[in-house]
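J.: Take a look at this one; I'll ask things after.
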Amino acid sequence: MGFTVSEGEMLSVIVEGILYGFSLFMFGTTLWVIIYRRSSQKVHKVIFAVACLLFILSTIRIGVDSNHVYTGFLRSPDPELYFSDTTKETFKNAIYELQTLLGDGILIYRCFIVWGDWRVIILPCILWCAVAATGTHTVWSISLPLTTSANIFVENAHWVLSFYILTLTTNAIATGLFAYKLWQVNSVVAQYRTSSLIPVIKLLVECGLLYTICLIVMIITYTRGSNSLFFIINITGQIIPITFYMIIIRAGLSRMTTSSNSTANHASLPSTAGSRRNRRQEVMVSIENFTASDADSQIALQKVDLGKDDRLKSPATCTI
């Protein structure tokens, strides 16, 4: 038996409160990583600003949802009818759209920094603009009273589903591009250093998968006309900042376990297979300090100068 709208709202605000408490702790840890665990003197302003904005939006959202539930159950004569009126949730829907755009936008920004090539993010940027357009229209259309006897699941189906599907596609592509580049760099430098980016890559994929699952569940519940949709939307508003914080914190912890003091080392490489004498040749390899950072909490990588190795064409600093 599915939720009624009022049951879903009550359950969602309880779970959302728990997630917000966890988000509050992680936000504090994120600020600590950004400010005190950075390796340079400057704080990464973009990451810092996004972290603060996501926290502000999640705080506003839990306040709006709490007030919505309070008014529905204690001030309204018919809670079921009150919660079924989606025109009362315009502000909350606008906050969710902003959270989505911020989360996807910072992921695309990370891809650009890591790849160092704007052409890589052309498709994600186009999809991001489509998410903004469909999201804005969805918020506007849901804020209007229904013009027919149909409910929200029928009247606004095309725009809502377009928003969810475009968000899912944007997130999947950007996460894939970012994870692939980190894996590519890690595979090149792995033989010259002991630490690895694999734990961060796994976390990135897991965070992306968590958000992806939420979006898929939203799409399924919406197409089936289930009231569980309202529950999923409410908790996803807290999951977005949590996944963002998790990646930054993991990057900072990785940096703490890796030595970043060495800026020049030497390694020996065998000669090329094309050598007729098949003799080994000592090659001096310059290893620079290469950092994958999120808000200056940096994972110590080592950028290996391998001449014509195209796998390591990346800028000196990669933002995670």
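J.: Is at least one residue of the stretch 96-118 modelled with pLDDT of 90 or more, within 25 Å of Leu209 (Cα to Cα) and in contact with an Asp or Glu (Cβ under 6 Å, 6 or more places away or on another chain)?
T.: no
J.: Can you tell me which of Tyr36, Tyr96, Tyr70 is hydroxyl-bearing (Ser, Thr, Tyr) and buried (at least 17 other Cβ atoms within 10 Å of the Cβ)?
T.: Numbers: Tyr36 fails: buried (at least 17 other Cβ atoms within 10 Å of the Cβ); Tyr70 fails: buried (at least 17 other Cβ atoms within 10 Å of the Cβ).
Answer to the selection: Tyr96.
J.: Need pairs with beta-carbon distance below 9 Å; first residue outside any helix (DSSP H, G or I) and within the stretch 96-120, second among the hydrophobic types (A, V, I, L, M, F, W, C); sequence gap 6+ or separate chains.
T.: Gly116/Cys318
J.: Any residue in the stretch 23-37 that's modelled with pLDDT under 90 and assigned to a loop (DSSP other than H, G, I, E, B): show its pairings with residues that are of a type in the set (S, T, N, Q) and surrounded by 15 or more Cβ atoms within 10 Å (Cβ to Cβ) at Cβ separation under 8 Å, as long as the two are six or more apart or on different chains.
T.: Within 8 Å, the pairs are Arg37/Ser297.
J.: Is it the case, given these coordinates, that Thr86 is farther than 16 Å from Gly176 by Cβ, crowded, with 19+ Cβ neighbours inside 10 Å and among the β-branched types (Val, Ile, Thr)?
T.: Yes, satisfied.
J.: Among the residues of the stretch 77-89, are any at pLDDT 85 or above and outside any helix (DSSP H, G or I)?
T.: yes
J.: Something else about it: Filter the stretch 215-228 for residues that are part of a helix (DSSP H, G or I) and in contact (Cβ under 8 Å) with a residue 24 or more places away in the chain; which is farthest from the chain's Cα centre (by Cα)?
T.: In this case the residue turns out to be Thr223.
J.: On to the next question. How do the pairs read when you match residues in the stretch 193-214 that are assigned to a loop (DSSP other than H, G, I, E, B) with residues anywhere that are at pLDDT below 75 and crowded, with 16+ Cβ neighbours inside 10 Å, using Cβ under 6 Å and keeping only pairs 6 or more apart or on different chains?
T.: Matching pairs, first to second residue: Arg193/Gln302; Ser195/Thr258.
The values are calculated or read from the model by the stated rules, or taken from the named source; none is laboratory data. In this text the structure is predicted, and so the values were computed from the model without any measurement. Neighbour counts are summed over all protein chains in view; Cβ atoms, including those assigned to glycine, are modelled from backbone coordinates with ideal geometry.
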